[in-house]
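So the structure is just underneath, and the comments pick up after that.
The values are calculated or read from the model by the stated rules, or taken from the named source; none is laboratory data. All figures in this text were calculated on a predicted structure; none of them were measured in a lab. Cβ coordinates were reconstructed from backbone atoms using ideal geometry, including for glycine residues, and neighbour counts include every protein chain displayed. In case anyone asks, the SASA skips ligands and DNA or RNA and just uses the protein heavy atoms, side chains included. Shrake-Rupley method; radii C 1.70, N 1.55, O 1.52, S 1.80 Å.
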Amino acid sequence: MDNIGEILIDEETLIKRVKELGAEITEDYRGKNLILIGILKGAVIFMSDLSKEIKLPLAMDFMAVSSYGASTHSSGVVRILKDLDAEIEGKDVLIVEDIVDTGLTLHYLQSNLLSRKPNSLKICCCLDKPSRRKVPVDIDYVGFEIPDEYVVGYGLDYNERYRNLPYISILNPDIYKK
Ligand code: 5GP
């Protein structure tokens, strides 16, 4: 764990905030046809915790889009690697994302999913790094705003590692700023 620096958000704080978000979403989606769309792989842990706090019938689906790969800088190119299993026409779609950074991924996903004619489309992210935004994105539910640091844990990886940490930590910059 030498590559892991300061803990930015501890487990207890994460759990508390996820409960609050779940309660808010429960109120907002009562009587609606809710489908959670998780963006693989980073959103998996957040989405599974969040879904348990939404006290409503719901469906889940997943999409995978191209990400940073082994680099910590966005290429700006978004590609669908795995599409949804089911149609979303007429559904109340809530995109569940791990972190919004430049906004390029969500900007693309929003217009792609809107073209499939959902009844509504909203975004819920665990973390938001507003200082890095390149394109504007309206986020409806934000767990935490964080500074411009590369973070890992709670689903977020560096080279596929650290996703299983139960907290959010800052990656030691020495490992990629060489
Ligand atoms: P965006 O398109 O908003 O620039 O990037 C979104 C994606 O980049 C996230 O879903 C995530 O996979 C990756 N990403 C952005 N910032 C971080 C970070 O600090 N840590 C990790 N592990 N991934 C990040």
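Tabulated data
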item: Accessible area of the chain belonging to carbon and sulfur atoms, whole % at 1.4 Å probe; result: 49 percent
item: Trypsin sites (Lys or Arg not before Pro) lying in DSSP loop within the range 1-69, provided at most 11 other Cβ fall within 10 Å; result: Arg30
item: The chain: relative contact order in percent, alpha carbon pairs under 8 Å with at least 6 residues between; result: 25 percent
item: Charged-residue dipole, Cβ positions (Lys, Arg, Asp, Glu), the range 1-135 about Cα centre, Debye nearest 20; result: 480 debye
item: Cβ-Cβ FRET estimate between Thr13 and Arg161, R0 fixed at 30 Å, reported to 0.05; result: 0.85
item: Degrees separating the helix 104-114 axis from the principal Cα axis of the chain, which is the longest one; result: 10 degrees
item: Within the range 88-103: backbone nitrogen closer than 20 Å to the Val135 label point (7 Å, Cα to C-beta); result: 93-103
item: Nearest 10 degrees, 0 to 90: helix 11-28 Cα axis against the chain principal axis; result: 20 degrees
item: Longest DSSP-loop-exposure-free segment, GluC sites (Glu not before Pro), the chain, at most 16 other Cβ within 10 Å; result: 90-148
item: Pairs of Cα atoms farther than 12 Å apart, the range 97-146, %; result: 60 percent
item: For q = 0.27 Å⁻¹, Debye-computed log10 I/I(0) when each Cα of the range 1-52 counts as one equal scatterer; result: -1.14
item: Mean shadow area of the chain over all directions, Cα convex hull, nm²; result: 9.7 nm²
item: Accessible area expressed per residue, the range 28-178, with surrounding protein chains retained (probe 1.4 Å, Å²); result: 49 Å²
item: Kirkwood Rh and Cα Rg combined as Rg/Rh, the range 77-178; result: 1.00
item: Given Lys16/Lys117; Lys41/Lys82; Lys82/Lys117, the pairs whose alpha carbons are separated by over 22 Å; result: Lys16/Lys117
